[in-house]
Structures are given as C-alpha cells and as structure tokens.
1. For the chain, return all DSSP H helices satisfying: extent of Cα atoms along own axis at least 30 Å; mean Kyte-Doolittle hydropathy at least -1.0.
2. Just subtract the alpha-carbon distance of Asn105 and Thr164 from 0.36 nm times their residue separation and send over the number in nm, one decimal.
3. Let a ≥ b ≥ c be the square roots of the eigenvalues of the Cα gyration tensor of region 164-233; is it rounded (a/c under 1.5), or, if not, prolate (a/b larger than b/c) or oblate?
4. Hey, what number do you get for the chain at 222 nm if only DSSP H runs of n ≥ 4 count, each worth -39500 (n - 2.57), divided across all residues, to the nearest 500?
5. What does the C-alpha gyration tensor say about the overall shape of the chain? Classify as rounded when a/c is under 1.5, otherwise prolate if a/b is larger than b/c, or oblate.
6. Starting from the Cα-Cα distance between Asp177 and Thr209, subtract it from 0.36 nm times their residue separation and give me the gain in nm to one decimal.
7. Figure the gain on full extension for Glu243 and Val130 (residue separation times 0.36 nm, minus the Cα-Cα span) and round it to one decimal in nm.
8. Give the Rg (one decimal place) followed by the Dmax (whole number) of region 1-139, computed from C-alpha coordinates and expressed in Å.
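Laboratory data are not the source of any read-out in this text; all were calculated from the coordinates shown. Every value quoted in this text rests on a predicted model; they were computed, and no experiment measured them. Cβ placement follows ideal geometry from the backbone for every residue including glycine, while neighbour counts extend to all protein chains displayed.
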Amino acid sequence: MVKSPNIVCVAGPEELAEKALEIFDECFSRAVAERERFFVAFSGGKTPEKFFQLLGQSGKTQGRQWDKAELFWADERCVAPERHASNFGLAAGTFLHRSAIRQSNIHRIRCEHRTPQQAASEYEKTIKDVFGRCDVEFDLILLGLGRDGHIASLMPGSDALKITDRLTAAVVLSAKDYPRITLTASVLCSARKLVVMISGAEKQSIVKTIFTSEPRPDLWPVHLLWPALDRVVWLIDKSACGELSFEGSGTGQ
C-alpha cells in the first residue's frame, strides 16, 4: 500500500510557525519522558524564522527542560557564525540567547576555519560522541524546501545524495555558492519525526511537482524522504499550496 503524505495546510506564516512550535513541544516532551533526552536538528532560511522567534518568547518556554535538549543543525553554509548566511546565526539571533540552554548542549557545525571535508568529519564525530552508544536517531528534524527541491543541503546533482555509509557530507557544487555541510539522507530518514516547513508563492511550482511526480531523488532530493513518509509532517501555507488539492492526504500528526 502506497503511503500518503501527511500534509497540514495552514493559512499563512504565523500559523505555520505556531503549528511547528506545537509539534516541537510534543516531540520534546515525548523524548524526555521516553529517554530523558531530546535530540533535535534545525535548518535555516527564511521560513523557520517566525518559529524561532516564537521559540524564544519567554511566555512560550514554560515546561521545556532545556538541560535535556541536544541541539544540532541539519546543514550549514561554510561561513562564520556571525554572518547573515549562517543557519546557526539565525538561531542564535532569534532564540538561543533567550533560552536556558547550556553551551555544551549546542552543537553547531564548525566550518569557518576548516575545509568542508574536515568540517563534515568533525561534525560526524560530534554527533557520534553526543549520541554515545545510542543509535543516531533524532527525535525531531525541522527542514525547509528549496525551489529546486533540495532539503537540508542535499542538492540536485550532488554526490552527497548517494552517500549511505556516513552521517554527514560536504557539498561543493559551484564557486558562486558557499560550500555546505549536511546531514545525509540516511540520518534524515532515521528520525522519529520530520517537519518540512514550506511557505510562499514562489514554492507553488516545486510543491506541485514533488506531490504529483514519481519519486526522483536525483532531480528532487526531497524525494529521499519517501522511505520515511509516515514520519514526515508537511506544514504548507496557502500561498505555497496554490490551487493544488490535497484531498486524501493526511491532515494531522
């Protein structure tokens, strides 16, 4: 039986952020109850910014046991953390400095003074050290979707799409773009829950393509998530949905 995508259509960016926060807190509480730790990985870009802002609001932080949270990133550009292009920098400027999170629990991808390959290897070691004897199974990974169908920094045409024996990969495609570090597809698909946040009219075309086409991860890397489709929640606002109907798709978590 073919699995149907679990799609939650929302009115706009504010509701999208609120729904993401709701899922975040549910996963956080469940993970702490089940194994006393919460492993989460974030992405960057414009779409999650409102979610990060909500995450940093003092009135919405009650009940979060931040001392039990281990924070990672699904991908990062090879820039200094204070640069505008840094995914970590976005989180730092919106919620990290407002939350009671120990620095030792924040595991950013350190790539500004290393080659991409060195940075990927060091990040993989960090992940293994933090998870220890546990399998690398994130409780939650929050992702966006690029207009070309990429997720994290798994880009069309990248050799990283084919990696199955490592946790991380360096992605260097063009001199016009920053080198990047990304979690591999196997790590994404091992997560207990994934949330893909999609917002904006400029995403209408790719949203229609990925849900109406046969899976082609080589063309649209987001299709790498299809083996884990039962654990993916697609949060999509109306401007990104356009006129596409999602009848028969899931509407919950």
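1. Answer set is 13-35.
2. Difference between extended and current length: 18.6 nm.
3. Here region 164-233 falls in the oblate category.
4. When only DSSP H runs of four or more count, the value is -8500 deg cm²/dmol.
5. Cα axes put the chain in the rounded bin.
6. So the chain would gain 9.1 nm between Asp177 and Thr209.
7. Between Glu243 and Val130, full extension yields 36.3 nm more.
8. That works out to 15.8, 48 Å for Rg and Dmax.
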